[in-house]
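Below you'll find the structure, written out as structure tokens, and then a few comments.
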Amino acid sequence: MAGEQLALTVLMGVFLVGVATLVSRMENLRAYTPLVSGDAGYGDSTATSHKPSGLIRWLTTVDHKDIGILYGIYATIAFVWGGLAVMLMRVELTTPALNVLNVLGGTGTYNGLLTSHGITMLFLFGTPIIAAFSNYFIPLLIGADDMAFPRINGIAFWLLPPAALLIWAGFFLDPLTGGAVGAAETSWTMYTPLSAEQANPGVDLMLLGLHLSGISATMGAINFIVTIFTERSPDVNWANLDIFSWTILTQSALILFAFPLLGSALIMLLLDRNFQTAFFAVDGGSPILWQHLFWFFGHPEVYILVLPPMGLVSWILPKFSGRKLFGYKFVIYSTLAIGVLSFGVWAHHMFSSGIDPRIRASFMAVSLAIAIPSAVKTFNWIATMWNGNIRLTAPMLFCIGFVANFVIGGITGVFLAAIPVNLVLHDTYYVVGHFHWIVMGMIAFAGFGAIYYWFPIVTGKMYQKRLAKMHFWISEIGVAVTFFAMLLLGYLGMPRRYATYEFNGLIAPLAQVTTLHQVATIGAFIIMLGQLIWVWNLTQSYLEGPVVEDEDPWNLKETGQYSREFEWFGEQLDTTDEDTPTLAADGSGEPSDD
């Protein structure tokens, strides 16, 4: 087994060296030409007609719009994988004893699904879906031709598919190897000593996949920082830079400080597993060290995922309120404050680990303080809508749902920041309900709102508005049912990460716990129904939806909210032939040849 682990580690090391060599041999990382030979670049519109066609185009593109679409497709696939994993888990939890997963491997399969679900949703869905919007629209919003380093942009994306394959590899290799290589069962937090001592090469594959995803995120962050600093058009300055670009800039800075630490910790864990070092060993090392390193990355990661959705809501919500964003400067200041404070709260995940009470008190204070800039944003969103001319379109509904879910998810987080409450609720379903209200109720909702808002630009078509509103209401009801039930389960003492449960009646009535699990499962199915409607609506609308012929499909000119990306869209419509929308065929920003 040790030999197999060593061989896998060496193989991935060779792969990483190969990637580094490829990057170093590129003549000009700022070139707009595709990653295969060819004379024509397509960073500016004059050369776009020379794009390769078919599959070669998507495999070699360095156009920021194409890469944004690739990120979006990738994130959607990851969203489906993570969603199916959690549905199997929720069905299993409808009864106290093991039932559905008995035939699929028992509790080991549950643990593998749990690990895969968490890592997939955070690293393979959350970060890439944000990258989809930022890649496509940041250059348009700041008036740039493309990203500062188009080829690095392409490389950053193409590191993600192998990362996903490595993270999910255990599920595919388990039947092929007779169980010698299985899915990682460490949970997404990978706490030591469990993750260091679990004799399963699938854990090494997962760690290497995470490392690749971190390299991808870091490359993208550098690219966005340089792009926003150096590629802005002359009329875009720091005073009028759009709020979405501000949040992406802050997110990129957080990535630069946080992800390298995660990469270092992953290497240390791989060395412990394969070369018998003792960074996190019980004897001679410190398992608690992993928690400090992981959460120093992990809590900024929460804001890496949440700040850009906040930027999306700050950008979209005023469009359908008929007003400019209230307190624009204070929304920016609060973004920067959250970014700074996010690195001072990591130990609130470790209040029960025995750390010095004085240290706990300081982290509690900072954890409570970070709620202040978050509240600033909430009041600014509400003030923007106050007395506004509100239009309840699908993007607006998802923005309002985002704000409502943020209030609930944020307040439950404030309770967890208090040491006495945290010690009671730590590692219960209350924590699960809290952060899922953030991840699903905020990150996903902002993503859905942005998809509907920019759907005409990317596809040249309009979606079915009634289905989009159905998607919102069904999703919002499902979120409320599922995660409120989890909060109640936490109050009853139901621990997280368990495939089975049995309670002493003096602690909590088993029947009540079972009923709440069943309610949460019903809510999960409601959420899944909403997402099926979403997939159907987008697919059918892309194929058969009405063509958008107006450069202002949301009537933003009437309220002075018409913005730069729709100006670009109007320019593309002006170059179309025979009323065929510019992006209807392939999303490339150029007329279709059909």
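Averaged over residues, the count of other Cβ atoms within 10 Å places the peptides 313-326, 500-513 in the sequence 313-326, 500-513, highest first.
The count of lysine pairs in the chain that are at least 8 places apart or cross chains, and whose C-alpha atoms lie under 21 Å apart, stands at 14.
With runs of 4+ DSSP H residues as the only contributors, calculate the mean residue ellipticity of the chain at 222 nm using -39,500 (n - 2.57) per run, divided by the residue total and rounded to the nearest 500.
-22000 deg cm²/dmol
Give me the net charge of ASN389's neighbourhood, meaning all other residues with Cβ under 13 Å from the Cβ of ASN389; Lys, Arg count +1, Asp, Glu -1.
Values: positive: LYS319, ARG323, LYS324, ARG391; negative: GLU558.
Net of charged neighbours comes to +3.
Quick one: helix 201-230 against the long Cα principal axis of the chain, what's the angle to the nearest 10°, folded into 0 to 90? Its long axis makes an angle of about 40 degrees. Specify the inter-centroid distance of the stretch 170-188 and the stretch 359-428, based on alpha-carbon positions, in whole Å. Centre-to-centre distance over Cα atoms comes out at 38 Å. For the chain, the longest principal axis of the C-alpha atoms and the axis of helix 465-491 are separated by about 20°.
How much net charge surrounds ALA281 when only the other residues with a Cβ under 13 Å from the Cβ of ALA281 are counted, with Lys and Arg +1 and Asp and Glu -1?
Cβ neighbours under 13 Å give a net charge of -2.
Over the Cα atoms of the stretch 68-157, the radius of gyration divided by the Kirkwood radius equals 1.21; this is the Rg/Rh ratio.
Measure off, as a whole percent, the carbon and sulfur share of the 1.4 Å-probe accessible area of the chain, all protein chains present.
67
Against the empirical 2.2 N^0.38 Å scaling, what ratio does the C-alpha Rg of the stretch 115-218 come to?
Working: Rg = 16.4 Å, N = 104, 2.2 N^0.38 = 12.8 Å.
After normalising by residue count via 2.2 N^0.38 Å, the value is 1.28.
If you take the alpha carbon atoms of the stretch 60-236 and fit the smallest convex hull around them, that volume is 120 Å³ per residue.
If packing is taken as the average count of other Cβ atoms within 10 Å, what order do 547-553, 112-118 fall into, highest mean first? List each step's numbers first, then the result.
Numbers: 547-553: 15.6, 112-118: 23.6.
Per-residue Cβ counts within 10 Å, averaged per peptide and sorted highest first, yield 112-118, 547-553.
If you bin all the Cα-Cα distances of the stretch 271-363 at 5 Å, starting from zero, the percentages per bin are 3, 11, 15, 14, 13, 12, 10, 8, 6, 4, 3, 1, 0. For LYS461, the residues 5 or more places off, or on other chains, whose built amide H falls under 5 Å of its own are VAL548. R0 = 45 Å: FRET efficiency of THR575 with ALA369, Cβ-based, nearest 0.05? Computed FRET efficiency for THR575 and ALA369: 0.30.
In Å², what does the accessible area per residue of the chain work out to with a 1.4 Å probe? Walk me through the numbers on the way to the answer.
On the way: 23660 Å² over 594 residues.
It amounts to 40 Å² per residue over the chain.
Helix 287-316 and the longest principal axis of the C-alpha atoms of the chain enclose an angle of approximately 30°.
Magnitude of the charge dipole for the chain, about its Cα centre and with charges confined to Cβ atoms of Lys, Arg (+1) and Asp, Glu (-1), is about 1760 debye.
Could you give me D for the stretch 295-450, from Stokes-Einstein at 37 °C and 0.692 mPa s, where the hydrodynamic radius is the Kirkwood radius over C-alpha pairs? Units µm² s⁻¹, please.
Details: Rh = 16.1 Å.
The diffusion coefficient I find is 204 µm²/s.
Remark: the TRP58-TYR491 segment gains 150.9 nm on full extension, using 0.36 nm per residue and subtracting the alpha carbon distance. When all alpha carbon pairs of the chain are counted in 10 Å bins from zero, the resulting P(r) reads 3, 16, 27, 28, 17, 7, 1, 0 %. Where q = 0.22 Å⁻¹, what log10 of I(q)/I(0) comes from the Debye formula for the stretch 55-109, counting one point per Cα? Scattering profile of the stretch 55-109, log10 relative to I(0): -0.81.
On a full-extension model of 0.36 nm per residue, what is the gain between TYR333 and ALA383, subtracting their alpha-carbon distance, rounded to one decimal in nm? List each step's numbers first, then the result.
On the way: separation 50, 0.36 × 50 = 18.00 nm, distance 1.68 nm.
Length gained between TYR333 and ALA383: 16.3 nm.
The values are calculated or read from the model by the stated rules, or taken from the named source; none is laboratory data. Here the structure is a predicted model, which is why all the values come from computation and not from measurement. Neighbour counts run over all protein chains shown; Cβ positions are idealised from the backbone, glycine included. Quick note on the areas: whole protein, heavy atoms, side chains included, nothing else; ligands and nucleic acids left out. Shrake-Rupley method; radii C 1.70, N 1.55, O 1.52, S 1.80 Å.
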